[in-house]
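Below you'll find the structure, written out as structure tokens, and then a few comments.
The values are calculated or read from the model by the stated rules, or taken from the named source; none is laboratory data. Small disclaimer: the values here were computed from a predicted structure and weren't measured. All Cβ positions, even for glycine, are placed from backbone atoms using ideal geometry, and neighbour counts span all protein chains on display. Only protein heavy atoms, including side chains, enter the accessible area calculation; ligands, DNA and RNA are left aside. Shrake-Rupley method; radii C 1.70, N 1.55, O 1.52, S 1.80 Å.
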Amino acid sequence: MTAILAIETSCDETAAAVITNGPAIKSNIVASQIDLHAQYGGVFPEVASRAHAESISTVVGQAMTEAELTFDDLDAIAVTQGPGLVGSLLVGINFAKGLALATGLPLLGINHLEGHVYSLWLAPDFVEVEFPVLVVIVSGGHSELVVMRGHGLYQRIGGTIDDAAGEAFDKVGRLLGLPFPGGPAIEGAARTGAIDAYDFPRAKTDGSYDLSFSGLKTAVMRAATVPPSGRRRGKLERRAEKRAPLRDDINVSDVAAAFQDALTDALVTSACRAARDFKVNAVYLSGGVSANQMLREKLSARLRLPVFFPPLFLCTDNAAMIGAAAHFRYQAGHRSPLDFEARASWRLSEDIYAD
Ligand code: KG4
Ligand code: ZN
């Protein structure tokens with residue numbers, strides 16, 4: 001049996017997990033910082049790294065206790081190397097390096113996006129379909145369409161050219177006065193709204209598989225907020241970041257429903273076209289936004305291929321998914337040097353283990 005301790009601190013969750021063969025979850029601890037960041041309406045990097053530093057040793061200790069293992073039982077230590085907030089990544093990386101040095105265990109620096117991909121392998125109903133498969137990663141920081149041709153073999157075919165899908169949810173949530181993070185709040189508000197109350201634009205990106213959500217965000221802002229008087233139009237876009245007063249006649253649930261409908265339509269249309277063009281055998285959806293029920297339903301309804309989603313508790317950031325990705329990297333013989341550096345950006349198709 002192989003047992004890997006995995007650590008994740010790339011954004012606003014301090015997480016540790018122990019993963020054994022399968023891959024299977026022995027423990028999975030997530031300390032969320034959502035309450036700390038809610039007052040800023042988004043993740044505040046300084047606050048995030050400080051909170052990681054305060055809770056990392058407790059979280060790792062809990063993951064080991066819950067797994068009922070000692071460090072002698074482990075085969076490797078894995079940690080998210082990037083992409084993410086460097087100050088946050090460094091807390092997890094330095095902690096993992098310290099552990100590796102003290103125990104002599106091998107260390108693996110894992111790509112956070114690869115973690116989201118491998119969260120699928122932890123789903124109870126998951127069956128590995130023959131490659132190639134289309135991987136759709138939609139989170140707060142990323143929206144990527146990737147053809148996966150084997151374990152660790154990725155071809156990025158498209159992605160957002162502006163806001164990530166989760167970022168669009170968060171920004172629209174903020175302008176509608178909903179709590180952070182916007183994704184679950186919008187999904188909740190949309191339940192009692194009418195999707196046809198507004199006809200928001202579905203971004204078209206000239207035959208590519210790219211996505212764009214900033215036009216949609218601006219359209220929502222124009223429909224829902226009081227127009228600025230005597231200001232130039234350019235400033236209107238910037239107001240999406242701040243709170244502008246809502247129009248009196250606005251029904252937040254209707255706006256949320258129509259926005260969610262437009263965003264999921266654009267995503268599903270691109271994903272379906274990519275799945276057809278690249279003749280994939282299945283579609284794997286992952287990342288925080290993959291928790292969205294409308295997105296899951298539309299994707300399953302419009303594709304005649306198997307579609308897989310992670311269980312809800314593995315959609316948003318966690319260390320179990322990092323451990324699952326590390327499990328395959330470890331089996332393939334990959335190891336990271338003790339002096340590896342945090343990577344703020346790191347495309348899945350860039351294989352740093354290759355040489
Ligand atoms: O994967 P994740 O935890 O963090 C990143 O790696 O970025 O994703 C967080 C994002 C947030 O933007 C949040 O609003 C979104 O996932 N999200 C959702 C839902 N739950 C979380 N978006 C839409 N519907 C949801 N139910
Ligand atoms: Zn993530």
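Every test in (1) part of a helix (DSSP H, G or I); (2) modelled with pLDDT of 95 or more is passed by Leu236 save one, and that test is (2). Here Gly230 does not qualify as open to solvent by 30 Å² or more (accessible area, probe 1.4 Å), at pLDDT below 95, on the phi > 0 side of the Ramachandran plot and in contact with a Lys or Arg (Cβ under 9 Å, 6 or more places away or on another chain).
Just so you know, in the stretch 1-28 the residues that are among the charged types (D, E, K, R) and under 15 Å from His116 (Cα atoms) include one that is surrounded by the fewest Cβ atoms within 10 Å (Cβ to Cβ), and it is Glu13. For the stretch 101-128, the set of residues classified as open to solvent by 40 Å² or more (accessible area, probe 1.4 Å), assigned to a helix (DSSP H, G or I) and touching a residue at least 40 places away in the same chain (Cβ under 8 Å) consists of Leu101 only. If you check Val280 against the conditions, is it within 15 Å of Val136 (Cβ to Cβ), away from ligand 1 (no atom under 14 Å from the Cβ), crowded, with 16+ Cβ neighbours inside 10 Å and modelled with pLDDT of 95 or more? The answer is yes for Val280. In the stretch 195-213, what residues are of a type in the set (Gly, Ala, Ser) and open to solvent by 40 Å² or more (accessible area, probe 1.4 Å)? Residues satisfying the conditions are Ala197, Ala203, Gly207. Comparison of Gly158, Gly166, Gly98, Gly92 shows that the only residue that is of a type outside the set (Ser, Thr, Tyr), crowded, with 21+ Cβ neighbours inside 10 Å and either more than 16 Å from ligand 1 (Cβ to nearest atom) or in the same structural domain as Val59 (by TED's automatic domain parsing) (or both) is Gly92.
Looking at Val79, is it under 18 Å from Pro310 (Cβ atoms) and assigned to a strand (DSSP E or B)? No, not satisfied. Looking for whichever is more than 15 Å from ligand 2 (Cβ to nearest atom), closer than 20 Å to Glu167 by Cβ and in contact with a Leu (Cβ under 7 Å, 6 or more places away or on another chain) here; the options are Leu295, Leu338. Which one fits? None of the other options fit; the residue is Leu295. When the stretch 139-166 is filtered for residues that are closer than 24 Å to Ala185 by Cβ, out of contact with any Leu (no Cβ under 7 Å at 6 or more places or on another chain) and small (Gly, Ala, Ser), the ones remaining, listed by number, are Ser139, Gly140, Gly141, Ala164, Gly166.
Determine if the stretch 310-333 includes at least one residue that is more than 14 Å from the chain's Cα centre (by Cα), within 11 Å of ligand 1 (Cβ to nearest atom) and either outside any strand (DSSP E or B) or not assigned by TED's automatic domain parsing to the domain that holds Ala24 (or both). No, every residue in the stretch 310-333 fails to be more than 14 Å from the chain's Cα centre (by Cα), within 11 Å of ligand 1 (Cβ to nearest atom) and either outside any strand (DSSP E or B) or not assigned by TED's automatic domain parsing to the domain that holds Ala24 (or both).
If we scan the stretch 35-42, do we find a residue that is open to solvent by 20 Å² or more (accessible area, probe 1.4 Å), part of a strand (DSSP E or B), among the polar types (S, T, N, Q) and more than 22 Å from Gly109 (Cβ to Cβ)? No: the stretch 35-42 contains no residue that is open to solvent by 20 Å² or more (accessible area, probe 1.4 Å), part of a strand (DSSP E or B), among the polar types (S, T, N, Q) and more than 22 Å from Gly109 (Cβ to Cβ). Taking the stretch 139-227 and the helices (runs of 4 or more DSSP H) fully enclosed by it, the elements with 1 or more residues that are within 16 Å of ligand 2 (Cβ to nearest atom) and in contact with a strand residue (DSSP E or B) (Cβ under 8 Å, 6 or more places away or on another chain) are at 165-175. Residues in the stretch 248-293 that are assigned to a loop (DSSP other than H, G, I, E, B) and without any contact (Cβ under 8 Å) to a residue 24 or more places away in the chain: Asp248, Asp249. Checked against (1) within 27 Å of Pro181 (Cα to Cα); (2) more than 16 Å from ligand 1 (Cβ to nearest atom); (3) of a type in the set (A, V, I, L, M, F, W, C); (4) open to solvent by 10 Å² or more (accessible area, probe 1.4 Å), Leu303 passes all but a single condition, namely (1).
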